[in-house]
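One structure is given below, encoded as structure tokens.
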């Protein structure tokens, strides 16, 4: 399994009235998974103010590849929850997992 990080194409939607974004297209091939998430995932903090971070997210994704979107969603959310150790969230979490079997 290989991970590809797609770069953002603009700032947050709805923040600035005259913002523009670059449109890109990707193809999801059979046996690939697309994961879209907000910074609430990577910026979740534990009781020591450490961030969950992109490296931990990649570790979760690499720990048992599956094309089942629900499994990835649950695995990511559970990992963030366990990492946070009950620390209150400072940001919302949005997570979309799309798979092609």
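A few remarks follow.
- Residue count for the range 55-73 under the criterion of being loosely packed, with under 14 Cβ neighbours inside 10 Å and more than 18 Å from residue 31 (Cα to Cα): the result is 2.
- Listed by first and then second residue, the pairs with beta-carbon distance under 9 Å, at least 6 apart or on different chains, first residue in the range 13-30 and surrounded by 10 or more Cβ atoms within 10 Å (Cβ to Cβ), second not in a loop (DSSP other than H, G, I, E, B), are 28/34; 28/98; 28/99; 28/100.
- Of all the numbered requirements in (1) closer than 21 Å to residue 99 by Cα; (2) at pLDDT 90 or above; (3) exposed (fewer than 11 other Cβ atoms within 10 Å of the Cβ), residue 48 misses one, and that requirement is (1).
- Residues in the range 91-101 that are within 16 Å of the chain's Cα centre (by Cα) and assigned to a loop (DSSP other than H, G, I, E, B): 91, 92, 93, 94.
The values are calculated or read from the model by the stated rules, or taken from the named source; none is laboratory data. Please read these numbers as outputs of a predicted model, since none were measured by experiment. No Cβ is skipped: glycine too gets one built from the backbone with ideal geometry, and neighbour counts run over all protein chains shown.
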